[in-house]
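What follows is a short report on a single structure.
The values are calculated or read from the model by the stated rules, or taken from the named source; none is laboratory data. Everything numeric in this text was worked out from a predicted model, so none of it was measured. Every residue, glycine as well, gets a Cβ built from its backbone with ideal geometry; the counts of neighbours run over all protein chains shown.
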Amino acid sequence: MAKLSEYERKRNFGKTAEPAPRKGGRGRKGAPRFVVQQHDATRLHWDLRLEHEGVAVSWAVPNGIPRDPSENRKAVHTEDHPLEYMTFEGEIPRGEYGAGTVEIWDTGTYALEKWRDDEIILTADGRPCGPLGRARLALIRTDGTG
């Protein structure tokens, strides 16, 4: 799948336990899923992944997902990941891209309000006692200054 070519290019699946994309993936029924993974790599950060059009569209959030809706946080769009990554937890070996520990911080489904190239708005329904819980999130592309 062309959407996952960058993901595949960056990984050696003979060395990492990260999931390789399945060819001819199956469609899923129901609300789209999200996952927030704590990634203790070179720098601790959180990865937000949204199931969309057959892939997990991904952002790195260096300072964590805000719990207070009045707070804004930087999120850096990264390469799409295969849907199988939505349940991945484990150790990425030293010397491999993204080396470090990946743990699921929260997961659930989301209701999409808007999806454009420069703005995504959604309401996430995470684990009932999870750190995110139910939250409205907005991802807005900026010019990166300020």
From (1) in contact (Cβ under 8 Å) with a residue 24 or more places away in the chain; (2) within 23 Å of Pro131 (Cβ to Cβ), pick out the condition that doesn't hold for Glu6. (2)
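Which of the strands (runs of 3 or more DSSP E) contained wholly in region 29-132 include at least 2 residues that are among the acidic types (Asp, Glu) and at pLDDT 90 or above? Reasoning before the result, please.
Values: elements: 33-40, 44-52, 55-61, 90-92, 100-116, 119-125.
Strands (runs of 3 or more DSSP E) meeting the threshold: 44-52, 100-116, 119-125.
Quick check, is Ala56 surrounded by 20 or more Cβ atoms within 10 Å (Cβ to Cβ), closer than 23 Å to Leu4 by Cβ, touching a Phe, Trp or Tyr at 6+ places or on another chain (Cβ under 8 Å) and without any contact (Cβ under 8 Å) to a residue 40 or more places away in the chain?
Working: surrounded by 20 or more Cβ atoms within 10 Å (Cβ to Cβ): yes; closer than 23 Å to Leu4 by Cβ: yes; touching a Phe, Trp or Tyr at 6+ places or on another chain (Cβ under 8 Å): yes; without any contact (Cβ under 8 Å) to a residue 40 or more places away in the chain: yes.
Yes: the conditions hold for Ala56.
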Where Pro19 falls short, out of the listed (1) over 23 Å from Ala138 (Cβ atoms); (2) touching a Ser or Thr at 6+ places or on another chain (Cβ under 8 Å): (2)
Can you go through Ala124, Ala111 and tell me which one is surrounded by 15 or more Cβ atoms within 10 Å (Cβ to Cβ), in contact (Cβ under 8 Å) with a residue 40 or more places away in the chain, farther than 17 Å from His81 by Cβ and of a type outside the set (Ser, Thr, Tyr)? Ala124
Would you mention how many residues in region 59-84 are of a type outside the set (A, V, I, L, M), within 11 Å of Trp46 (Cβ to Cβ) and without any contact (Cβ under 8 Å) to a residue 60 or more places away in the chain? 5
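For region 18-45, which residues satisfy the criterion of being surrounded by fewer than 13 Cβ atoms within 10 Å (Cβ to Cβ) and either aromatic (Phe, Trp, Tyr) or more than 22 Å from Val61 (Cα to Cα) (or both)?
From region 18-45, those surrounded by fewer than 13 Cβ atoms within 10 Å (Cβ to Cβ) are 22-24, 26-30, 42-43; that's our starting set.
Arg22, Lys23, Gly24, Arg26, Gly27, Arg28, Lys29, Gly30 - these are the residues of region 18-45 that are surrounded by fewer than 13 Cβ atoms within 10 Å (Cβ to Cβ) and either aromatic (Phe, Trp, Tyr) or more than 22 Å from Val61 (Cα to Cα) (or both).
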Test Asp40 against the criterion of being within 21 Å of Pro131 (Cα to Cα) and out of contact with any Asp or Glu (no Cβ under 9 Å at 6 or more places or on another chain), and give yes or no. no
If we ask which residues in region 19-52 are out of contact with any helix residue (DSSP H, G or I) (no Cβ under 7 Å at 6 or more places or on another chain) and within 21 Å of Asp106 (Cα to Cα), their number turns out to be 20
Exactly one condition in (1) at pLDDT 95 or above; (2) assigned to a strand (DSSP E or B) is false for Arg136; which is it? (1)
